[in-house]
Amino acid sequence: MNHRARPAACLKQAVSWHAVREVARWLERADPPRSGGATPTVAVVRAIAWHLRVGGGWRALPSGMPPWRTVYG
């Protein structure tokens, strides 16, 4: 196998819930939310991870996720 080849299955498995929480904590430290009504960072990162696993359009996020415009933008 070419060392540059990256099977999609490996990428999908690499995005674990533990990694989601770690990335969310890092983002919150780097740029804290400015208002109390902001969408939780972990919810946005979880939606991005879901999109990486499943693929498709951003508008296809499940109903339990933040709005697609919040996640995409």
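Quick note: the coordinates plus some simple rules give every number you see, no bench work behind them. All values reported here derive from a predicted model rather than from experimental measurement. Don't worry about glycine lacking a Cβ; one is built from the backbone with ideal geometry, like all the others, and counts go over all protein chains shown.
Structural remarks
- When the criteria are applied in full, Arg29 fails the requirement of being touching a residue at least 40 places away in the same chain (Cβ under 8 Å) and either among the aromatic types (Phe, Trp, Tyr) or outside any loop (DSSP other than H, G, I, E, B) (or both).
- Segment 44-63, residues that are among the hydrophobic types (A, V, I, L, M, F, W, C), buried (at least 16 other Cβ atoms within 10 Å of the Cβ) and closer than 17 Å to Glu22 by Cα: Val44, Val45, Ala47, Ile48, Ala49, Trp50
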